[in-house]
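Read through the structure below, which is laid out as structure tokens, and then see the notes.
Computed from the coordinates by the stated procedures, all read-outs in this text should not be read as laboratory data. Everything numeric in this text was worked out from a predicted model, so none of it was measured. Cβ: placed from backbone, ideal geometry, glycine included. Neighbour counts: every protein chain shown.
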Amino acid sequence: MCGITGWVSWENQVNSKIINKMNYRLKHRGPDFGKIKILDNVVLGHRRLSILDLSEKGNQPMSDKQETIWIVFNGEVYNFLDLKCYLQTKGFKFFNNTDTEVIINAYKFWGLNFIEKLNGMFALAIWDVEKQQLILARDRMGEKPLYYYYSNGDLIFSSELMSLIEHPIIQKSINNEALFQYMNLNYTLTDNCMIKDVKKLPPASILILKKFEPINVRLYWDLSKFYKKDKFRSNFKELKEEFTYLLDQSVKKRMIADVPIGAFLSGGIDSSAVVSSMTKFASEDRVKTFSAAFASKSFNELDFAREISNSLNIFHKDKLIETNLITIFENCIKNMCEPMADTSILPTFELSKFVRSFVKVALTGDGADEILAGYETYKASKLHVCLSVMPNPAIKILKKIIQRAYPTSHEKVSNEYKLKKFLGGYGLNNTQAHFYWKTILEETEIMTLLNKDLKDQFSRYNFFESADKIYREVDGCSSLDKYLYIDCKTWLPNDILVKTDRASMSNSLETRAPFLDHNIVEFCAQIPEKFKLNHFKTKYILRKSQKNRIPKTIINRKKKGFNAPISAWLLGELYEYARDLTSTEKIRSIFDKKAIDNLWNNHIHFYEDNGYKIFGILCLSKWLHNISIR
């Protein structure tokens, strides 16, 4: 796991001092070694977190023996040993034990098709000296980030936005479309970036740049094709056995490392299944698990993590997070490329810092919810059909009943919050409602919050336009598969994986997600939907696969998530700090002061739980301050 930077210029002299500065901003991603390489009109930079072949032979930028192919690579290729054996039969020689050298030779043998051979998480850049060709590529599911800027023959790229904008050519001005998406979702959608003219290379994409030719970005893997295929006709027992085998093999591949490894263990079924698989391929003393939680009862699941670790008889450490909240928030936001207001980034950051004191690599349960229907929204979609036939007066009465029966609560994802959000989907079609349930601010709320000068600029953006475009990619699929597909294209790569990458890499910790092996993702796309969501039982095939492997209490637990008690904190320790940050000059240049005050007043007096909305503005304010936006 590392950080990469680079600059190709057909017209200008590349400046090594600029890339050095960009590279240094990635030191947290790779504290073990850093170097740049100048190759005429190209300069490549790399920061290394040593995981495989800890010797200096594994340092980057790396080249073949003839120095015709150069690479900077962030991530892991889990099938590199298989590829290495095959390439050796074709006459290729290897001089180190890294997956990086395997990628170089794979490119030399297969050309641009090399990318389809890689099973892993990665962002990489290859410079082909003879062809004068730059290649950028990103893994299928979007685990590793890659930002780039292209204009007038200059292409600049980096693993992180804060590094990229060290280049003086990039103007730090806001992209209004990305800001609208952020206000709507508390994150931005690929390939949009909060900084104008900067893009994120989409997952499963390869970018090719040649002199005197237009930039070419294309997909090398299309998830929609697997959802559109005929569903497997095998019986459930056979599919369950195949799924279990695929998961075990994925975990086994992700345990390859020359440094100590561990796992995040929440006590939910996803991380528990990963840890259970780990015990099949390693001695008890090599499997180390870690948990963290806040003191608030509804946000503390340490007992469940201890239960699973005790049942598997493995090493386990947990931590109760009691540090100064302002310090946690500031440290966490410091390395956020773009504003992203998923409250679970705070405990993920603290957990990563804790885990890094024991191991250098940790496996996670990320991705299971998106490929196997683990969220409440999938169940809500079944009920939405009933909601759609109810008359409007009945909905109004139902809202009043809920208001009386469930007063506003600042507990973890309260029933009141879920029911109000569910009813907010009234009048929307099924696909729109599913997307709406993941939103933070509605269009009308956004327009109310904006300053008068910005309202006209933002009125052109359509709330559902981006979602409808993605849904059309899986026309003809079942409703559930459409929901899973859009979550794999939006929520997963732009929220969940961003959160995990930034929180872990800020602490120089590599995380690996076995559920996101493309073989598992493709398999789950093709199994009948009843094996994913069985009536109202989520992740059905996963739960059944873990029988006799993990305790029944863990298998049957409802999903809790890893959120932080932000709504309560905003009335307590964070109150003064957050009020100040949501009232800065930069925030007032975007938002109407009275509208912000109304959000606070309704939250303070328990008229509404506005915790997520205020937290989104808080994160935006801190990001604007950190990035010195123009």
Legend entry - Vicinal HN-Hα couplings computed from phi for segment 477-490 (Karplus, 6.51 cos²θ - 1.76 cosθ + 1.60; Hz; Gly/Pro x): 7, 5, 4, 4, 5, 5, 5, 5, 5, 5, 5, 6, 9, 10
Legend entry - Nearby aspartates and glutamates by direct alpha-carbon distance to residue 552 (threshold 17 angstrom, same-chain neighbours under 8 apart not counted): 270, 301, 303, 307
Legend entry - Per-residue ³J(HN,Hα) for segment 502-508, Karplus 6.51 cos²θ - 1.76 cosθ + 1.60, θ = phi - 60°, Hz, x for Gly and Pro: 5, 5, 6, 6, 4, 10, 6
Legend entry - residue 121 long-range amide H proximity, modeled H, under 5 Å: 76, 78
Inset, instruction - May I have the convex hull volume per residue, in Å³, for the Cα set of the chain? - result: 155
Inset, instruction - Can you list which of the GluC sites (Glu not before Pro) found in segment 58-138 are DSSP loop residues with at most 13 other C-beta atoms within 10 Å? - result: 67, 130
Legend entry - Residue-averaged 222 nm ellipticity for the chain, from DSSP H runs of 4+ at -39500 (n - 2.57), nearest 500: -12000 deg cm²/dmol
Inset, instruction - Answer with one residue from 431, 153, 125: the one whose Cα lies farthest towards the positive end of the charge dipole of the chain, charges on Cβ with Lys, Arg +1 and Asp, Glu -1. - result: 431
Inset, instruction - Could you grab the relative contact order for segment 565-630? Cα pairs under 8 Å, six or more apart, rounded to a whole percent. - result: 42
Inset, instruction - May I ask which of 84/144; 211/622; 90/240; 420/489; 421/452; 400/489 have a Cα-Cα span longer than 30 Å here? - result: 211/622; 90/240; 400/489
Legend entry - Spatial separation of Cα centroids for segment 227-268 and segment 104-120, in angstrom: 24
Legend entry - Mean separation of Cα contacts under 8 Å (6+ apart) over length of the chain, as relative contact order %: 16
Inset, instruction - Write down the percent of antiparallel bridges among all DSSP beta bridges whose residues are both part of the chain, to the nearest 5. - result: 80
Inset, instruction - Work out the charge dipole of the chain with +1 on the Cβ of Lys and Arg and -1 on the Cβ of Asp and Glu about the Cα centre, then indicate which of 457, 102, 287 is farthest towards its positive end. - result: 287
Legend entry - Simple Cβ-charge dipole of the chain, Lys/Arg +1 and Asp/Glu -1, about Cα centre, in debye nearest 20: 1100
Legend entry - Footprinting exposure proxy for 46, 625, 535, 316 (fewest neighbouring C-beta atoms within 10 Å first): 535, 625, 316, 46
Inset, instruction - Using the Karplus curve 6.51 cos²θ - 1.76 cosθ + 1.60 with θ = phi - 60°, work out ³J(HN,Hα) for each residue of segment 225-235 in order, rounded to whole Hz, and write x for Gly and Pro. - result: 4, 7, 6, 7, 5, 4, 6, 4, 9, 4, 6
Inset, instruction - Could you work out how far the C-alpha centroid of segment 419-475 sits from that of segment 27-55, in angstrom? - result: 42
Legend entry - For segment 565-630: span of alpha carbons on each principal axis (Å, largest first): 36, 23, 17
Inset, instruction - Name the long-range amide H neighbours of residue 262: under 5 Å, sequence gap of 5 or more, or other chain; modelled H, no Pro or chain starts. - result: 361, 362, 363
Inset, instruction - For segment 302-373, build the convex hull from the C-alpha positions and give me its volume per residue in Å³. - result: 145
